[in-house]
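The values are calculated or read from the model by the stated rules, or taken from the named source; none is laboratory data. These numbers come from a predicted model, not from an experiment. Cβ coordinates were reconstructed from backbone atoms using ideal geometry, including for glycine residues, and neighbour counts include every protein chain displayed.
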Amino acid sequence: MALFLTVLEVDNELIKTLTQGRVMTAIYTTTSHLLQQQQPELPLYLFHRPLLEGNVQRFMAGFPGLVTYAVKANPNPMIIQTMLEQGMQAFDVASLAEIELVQGLAWQAGKRVALHYHNPIKTEAAIAKAWFDHGVRCFSLDDELELEKLKRQVPNPSETELSVRFVAPEKHDVQLDLNSKFGANETDAAALLRLVAEAGFKPSLTFHPGTQCTEAKAYSDFIACAARIVKASGVELHRLNVGGGFAANYLHSQAPDLNNYFDAINSAVAEHFDVAPQLVCEPGRALVNDTVSLLVKVIHRRKGGQVFINDGVYGGFSEMNICNMGWPYLCWRGDQPLAGQVADFTVYGPTCDSVDVMPHHLPMPEQLAVGDYIEVPLMGAYSSSVATQFNGFQSNTYVQVTQSSYLTIEDGATMPKVSGL
């Protein structure tokens with residue numbers, strides 16, 4: 001497959017603007033080491049680079065096709081740069097800003113990348129700019145109106161892949177069902193795939209089983225549905241994108257071994273397709289989640305077990321009000337872990353909004369005080385990427401801390417028994 005790169009005059013300030021993120025250049029070995037050197041006043045994301053390197057290599061070694069990273073999960077430059085250095089050649093993007101970000105970082109690294117513009121609904125101006133200015137040759141769609149936009153704006157269909165996004169009739173165990181907003185049903189997808197081929201585009205299919213999909217069988221069901229769509233359309237399929245949804249490990253939501261997914265995908269393709277299509281996947285959460293911890297500071301404590309911290313649900317903890325997956329946390333005083341008798345606390349974020357509160361009481365050391373820190377691992381996905389700047393509070397600063405306080409590099413799947421929220 002051809003890889004595209006537009007040479008852009010992109011500097012570091014533009015990249016920071018696009019990600020709304022900050023990067024500290026110092027590298028620390030552990031959280032304790034960091035706290036010996038500084039006492040951060042702002043929320044701080046601790047990036048564990050070796051864990052990300054291992055996750056990328058596991059996907060590339062195990063998945064039977066092209067691995068693309070879903071940038072929406074975490075667009076921080078540290079994350080993208082590490083993936084480029086590990087050989088990631090393609091990225092799933094949803095906007096022109098993500099396109100410019102990835103291309104700028106790839107250009108700085110001397111890399112060539114393919115960009116899959118897989119937001120099914122796009123403006124015609126964005127389609128044209130992506131195709132002409134950025135060399136994007138992969139788009140998704142799920143209805144005829146989007147196809148008409150693409151036909152008007154793409155001058156050379158024969159070198160452009162259009163992936164029809166579809167939904168399967170089966171329901172699966174996921175945290176969030178992503179198929180209520182996007183995806184054609186089986187009948188409509190077959191008709192749309194036929195129209196894509198008739199218009200001269202490379203016809204492909206794509207799906208997404210849902211956020212934190214813990215059932216490998218979901219991929220088998222979607223692949224079987226894809227085969228039925230292809231048969232009904234009478235079209236020779238260019239590629240099949242099996243989407244994201246690969247689960248990460250949390251306290252309340254355990255992921256199966258990655259090989260379970262890969263085996264299910266291989267078996268389903270062999271069973272349902274006479275000629276196996278090229279495969280693509282677009283993991284996000286499963287690649288980055290365990291590679292970042294969020295360090296926050298206790299800024300106020302009231303009687304009755306109420307504490308205020310410098311981040312909240314308008315910042316890095318947004319997903320905790322949506323999904324109850326269970327995040328661990330560790331408390332620090334200075335550079336030492338804080339233990340002792342525990343009590344239930346109500347934990348508020350820093351904004352003036354009363355809804356800025358953790359959804360559950362947290363059992364933490366009774367002696368917790370202003371100036372102590374709380375470290376929350378498993379915060380690499382949908383944390384800084386969805387944080388707002390409500391009330392002027394920011395949650396976007398990253399620093400490299402080599403070793404995770406929670407997961408070792410050698411045993412990334414171990415789940416110690418610690419408090420969780």
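A few points about this structure:
- Residue that is out of contact with any strand residue (DSSP E or B) (no Cβ under 9 Å at 6 or more places or on another chain), in a helix (DSSP H, G or I) and surrounded by 21 or more Cβ atoms within 10 Å (Cβ to Cβ), where the choices are Gly54, Gly104: Gly104
- Filtered residue count, segment 67-84, keeping only those that are in contact with a helix residue (DSSP H, G or I) (Cβ under 7 Å, 6 or more places away or on another chain) and part of a helix (DSSP H, G or I): 9
- In segment 141-171, the residue that is nearest to Ala191 (Cα to Cα) out of those that are loosely packed, with under 15 Cβ neighbours inside 10 Å and at pLDDT below 95 is Pro169.
- Residue in segment 259-269 that is more than 25 Å from Val71 (Cβ to Cβ), in a loop (DSSP other than H, G, I, E, B) and either polar (S, T, N, Q) or more than 22 Å from the chain's Cα centre (by Cα) (or both) present: no
- Residue satisfying condition, being under 20 Å from the mean Cα position of the chain (by Cα) and outside any helix (DSSP H, G or I), within set Leu287, Leu251: Leu251
- Every residue from segment 37-73 that is small (Gly, Ala, Ser) and either closer than 18 Å to Val292 by Cβ or in contact with a Ser or Thr (Cβ under 6 Å, 6 or more places away or on another chain) (or both): Gly54, Ala70, Ala73
- Residue that is farthest from Glu319 (Cα to Cα) [pool: residues in segment 249-262 that are buried (at least 20 other Cβ atoms within 10 Å of the Cβ) and hydroxyl-bearing (Ser, Thr, Tyr)]: Tyr261
- Flag for Leu279 being at pLDDT 95 or above, closer than 22 Å to Phe63 by Cα and in contact with a Pro (Cβ under 6 Å, 6 or more places away or on another chain): yes
- Residue list for segment 331-355, restricted to those being under 29 Å from Gly392 (Cα atoms) and either surrounded by 17 or more Cβ atoms within 10 Å (Cβ to Cβ) or polar (S, T, N, Q) (or both): Cys331, Trp332, Arg333, Phe345, Thr346, Val347, Tyr348, Gly349, Pro350, Thr351, Ser354
- For Pro377, the stated conditions hold: it is within 30 Å of Lys303 (Cα to Cα) and surrounded by 20 or more Cβ atoms within 10 Å (Cβ to Cβ).
- If you go through segment 388-412 and keep only what is among the hydrophobic types (A, V, I, L, M, F, W, C) and in contact with an Asp or Glu (Cβ under 8 Å, 6 or more places away or on another chain), you end up with Phe390, Phe393, Leu407.
- Verdict on Phe246 being buried (at least 23 other Cβ atoms within 10 Å of the Cβ) and either touching a His at 6+ places or on another chain (Cβ under 9 Å) or touching a residue at least 40 places away in the same chain (Cβ under 8 Å) (or both): yes
- Checked against the criterion of being closer than 30 Å to Gly326 by Cα and in contact with a Pro (Cβ under 6 Å, 6 or more places away or on another chain), the candidates Phe262, Phe201, Phe182 yield just one match: Phe182.
- Screening the candidates Ser158, Ser163, Ser233 for the property of being small (Gly, Ala, Ser) and under 23 Å from the mean Cα position of the chain (by Cα) yields one hit, Ser163.
- You will find that of Ala191, Ala218, Ala227, the residue that is of a type outside the set (Ser, Thr, Tyr), over 27 Å from Gly284 (Cα atoms) and part of a helix (DSSP H, G or I) is Ala191 and no other.
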